[in-house]
Amino acid sequence: MHTYEVDDMTCGHCAGRITNAVLAVDPAADVRVDLGRHEVIVASTAPAATVESAIRGAGYTPVPRTRPTGGADATQRSGCCCAGAARRG
């Protein structure tokens, strides 16, 4: 699994270009894009350097990153409005 922050990805067109670029190097890849987080997650058997190069070739600037662990992510969500609704019961 390869995760990238792509700050210059700003719209659905960008997401499509990145997805197509990754699929060109690995047609079996699973590409997930979160525009709000500027995040691209790729499940692929291709080496990370190949995936990163494909994204760069599409005109974007991927920065490899590790995803936060469940514990850190859960801490970030503690202020969510849904958590408050569950407590009000």
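Of note:
- Carbon plus sulfur fraction of accessible area for region 1-71, probe 1.4 Å, in percent: 55 percent
- Inter-label distance, Leu23 to Leu35: 1.7 nm, where each label sits 7 Å from its Cα along the C-beta direction.
- Largest accessible area first, the listed residues Arg32, Arg56 line up as Arg32, Arg56 when surface is computed with a 1.4 Å probe on the assembled protein chains.
The values are calculated or read from the model by the stated rules, or taken from the named source; none is laboratory data. Predicted, not measured: the structure shown is a model, and the values here were computed from it. When we count neighbours, we look across all protein chains shown, and the Cβ atoms used for this are built from the backbone with ideal geometry, even at glycine. Remember, those area values only see protein heavy atoms, side chains included, never the ligands or the DNA or RNA. Shrake-Rupley method; radii C 1.70, N 1.55, O 1.52, S 1.80 Å.
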